[in-house]
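Worksheet: the structure to be examined is printed underneath.
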Amino acid sequence: MAPDTIVAVSTPSGRGAIGIVRLSGTAAHRIACTITRSVDLAPRQAHYRAFHDDDGEAFDDGLVLYFPAPRTYTGEDLVEFHGHGNPVLLHRLVALACADGARAARPGEFTERAFLNDRLDLAQAEAVADLIASPTLRAARAAHRTLSGDFGDAVSGLVERVRLARAELEAAIDFGDDVDTDALLAHQGEHRAALCRDLTVLLARAQQGVRLHEGLQVAIVGAPNVGKSSLLNRLAGVERAIVTAVPGTTRDLVDVDLLIGSVPVRLVDTAGLRETDDVIEAEGIRRTQGAASAADLVLHVVDRLPATTLPDTVTAIPRIVVRNKIDLASAHEEREVGDATTCVPLSALTGQGCDALIEAIERFAGIHGEDSGEFAARARHVAALEAALESLRGIDEAGLADAPELVAEHYRQASDALEAIAGRYGSEALLGDIFARFCIGK
């Protein structure tokens with residue numbers, strides 16, 4: 001049974017010069033001919049037509065494009081109406097299409113059909129959403145690389161190598177008497193080592209891609225009155241947090257979303273860490289520790305060295321020590337700061353040294369300097385790569401190399417994890433969650 005024909009407005013809501021309505025499915029061409037009063041629409045050409053209501057009167061005009069299956073975005077017959085960007089007109093087109101046999105598309109359903117019809121793998125489908133939502137040009141380029149198949153090709157290459165290793169091993173199990181076992185085990189060990197190296201590189205690139213799109217949660221922590229709020233305001237470029245000379249001014253979390261270099265960052269200013277009998281301030285300090293323990297990175301702000309001690313829950317998080325107020329430092333303190341290799345000296349008041357902090361944050365994110373060819377990735381991709389790497393490493397770590405049946409099982413687990421990236425074993429719940437995050441019309 002052929003799937004329903006679906007229809008949706010594909011341009012953003014609101015008024016504009018141009019609006020697009022898209023149809024996909026077996027009835028798309030017929031519906032387009034009815035609305036335009038056309039006998040036929042030649043494929044892959046732009047046709048200037050009037051758009052007619054059900055009483056025959058025209059209510060708009062524009063371009064109509066018909067793309068026959070299978071060489072379309074969805075793999076189905078596809079039609080686009082390019083009319084004037086008035087929501088009243090666009091929604092009338094949708095209503096007419098629905099009255100003639102189409103139905104309103106769900107969010108992401110066009111891209112879901114592209115996936116189901118093998119026009120895109122799942123990583124490419126996710127990259128469509130990432131390209132639309134990219135916060136920077138660098139992130140958009142990364143999403144385009146994944147959409148173009150760079151990430152999928154790298155994963156497919158690894159899957160093929162794991163399969164070959166498994167096939168070689170299973171052949172040895174079946175024809176054991178004719179196999180040089182020592183030579184086979186040596187070759188398999190070398191093959192696994194190379195696979196693990198390449199998987200590690202791909203995993204690092206995927207982690208970069210996640211940070212490029214999802215960004216970092218960065219908590220600013222430290223004692224009262226060391227300049228945490230001033231640092232947040234300096235990096236944000238606006239007076240987001242209240243700054244006074246009174247210690248303990250910040251009692252609740254203050255956050256701001258911004259770009260630090262090429263990295264999307266949610267920067268969280270927190271209450272100063274100290275012993276206090278003030279119930280409200282104590283609650284702020286408790287929230288500080290919670291925000292810091294949930295962060296990807298902590299900026300530990302101090303106004304003198306050595307740095308103050310942080311709670312254990314905070315010290316477990318990667319951190320950059322920020323030596324603030326260097327504009328007030330003595331000559332001795334300046335020399336001390338210069339020798340501190342784990343510390344970024346700066347002045348939140350004047351901005352001196354803030355460029356060095358931005359570079360340090362970019363280095364932590366693995367996104368420093370020129371575009372290095374990152375691709376868009378998501379947390380599920382990272383988890384799948386980690387699972388595959390764990391399966392391969394587990395062979396030698398558990399001393400299983402001379403147990404062919406167990407090694408073959410680890411290979412199967414690794415290939416299954418990798419193939420899940422492209423959606424080979426995606427559950428309906430996973431697919432539903434992914435495509436529900438798309439906008440309607442894409």
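Odds and ends about this structure:
- Number of the exception - Leu93 against (1) buried (at least 17 other Cβ atoms within 10 Å of the Cβ); (2) of a type outside the set (Gly, Ala, Ser); (3) farther than 10 Å from Val7 by Cα: (3)
- Condition check for Gly441: in contact with a Phe, Trp or Tyr (Cβ under 8 Å, 6 or more places away or on another chain), closer than 30 Å to Glu168 by Cα and either at pLDDT below 90 or exposed (fewer than 13 other Cβ atoms within 10 Å of the Cβ) (or both): no
- Count of region 1-40 residues, restricted to those that are closer than 16 Å to Leu65 by Cβ, surrounded by fewer than 17 Cβ atoms within 10 Å (Cβ to Cβ) and in contact with a Cys (Cβ under 9 Å, 6 or more places away or on another chain), is 1.
- Candidates Ala172, Ala165 - the one that is in contact with a helix residue (DSSP H, G or I) (Cβ under 8 Å, 6 or more places away or on another chain) and within 22 Å of Leu385 (Cβ to Cβ): Ala165
- Here Leu63 fulfils each of the conditions (1) surrounded by fewer than 20 Cβ atoms within 10 Å (Cβ to Cβ); (2) over 29 Å from Leu147 (Cβ atoms) apart from (2).
- The residues of region 39-66 that are more than 13 Å from Val79 (Cα to Cα), touching a residue at least 24 places away in the same chain (Cβ under 8 Å) and assigned to a loop (DSSP other than H, G, I, E, B), listed by number, are Asp53, Asp54.
- Arg163 being in a helix (DSSP H, G or I) and under 24 Å from Leu203 (Cβ atoms): yes
- Pairing each residue of region 199-224 that is within 15 Å of Leu131 (Cα to Cα) and buried (at least 20 other Cβ atoms within 10 Å of the Cβ) with any residue that is modelled with pLDDT under 90 and hydroxyl-bearing (Ser, Thr, Tyr), provided the two are 6+ apart or on different chains, yields no C-beta distance under 6 Å.
- The residue list Val39, Val64, Val79, Val94 contains one member that is modelled with pLDDT under 95 and either of a type in the set (Val, Ile, Thr) or under 20 Å from Arg119 (Cα atoms) (or both), which is Val39.
- When Gly75 is tested against (1) at positive phi; (2) surrounded by fewer than 17 Cβ atoms within 10 Å (Cβ to Cβ), only condition (2) is not met.
- Leu184 at pLDDT 85 or above and among the aliphatic types (A, V, I, L, M): no
- Flag for Pro107 being in contact with a Pro (Cβ under 7 Å, 6 or more places away or on another chain) and surrounded by fewer than 21 Cβ atoms within 10 Å (Cβ to Cβ): no
Here is a yes/no grid of residues against (1) surrounded by fewer than 21 Cβ atoms within 10 Å (Cβ to Cβ); (2) in the same structural domain as Asp257 (by TED's automatic domain parsing); (3) hydrophobic (A, V, I, L, M, F, W, C); (4) modelled with pLDDT of 90 or more:
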position: Leu116; (1), (2), (3), (4): yes, no, yes, yes
position: Leu131; (1), (2), (3), (4): yes, no, yes, yes
position: Ala143; (1), (2), (3), (4): no, no, yes, yes
position: Phe151; (1), (2), (3), (4): no, no, yes, yes
position: Val155; (1), (2), (3), (4): no, no, yes, yes
position: Val162; (1), (2), (3), (4): no, no, yes, yes
position: Glu168; (1), (2), (3), (4): yes, no, no, no
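- Close pairs from region 115-137: first without any contact (Cβ under 8 Å) to a residue 60 or more places away in the chain, partner among the aliphatic types (A, V, I, L, M) and in a loop (DSSP other than H, G, I, E, B), Cβ under 9 Å, at least 6 apart: Asn117/Ala69; Gln124/Ala422
- Given (1) at pLDDT below 70; (2) under 30 Å from Ala140 (Cα atoms); (3) in contact with a helix residue (DSSP H, G or I) (Cβ under 8 Å, 6 or more places away or on another chain); (4) among the aliphatic types (A, V, I, L, M), index of the condition Val238 fails: (3)
- The one condition in (1) at pLDDT below 95; (2) surrounded by 17 or more Cβ atoms within 10 Å (Cβ to Cβ); (3) charged (D, E, K, R) that Asp54 fails to fulfil: (2)
The values are calculated or read from the model by the stated rules, or taken from the named source; none is laboratory data. All values reported here derive from a predicted model rather than from experimental measurement. As a convention, Cβ positions derive from the backbone with ideal geometry for all residues, glycine included, and neighbour counts pool all protein chains shown.
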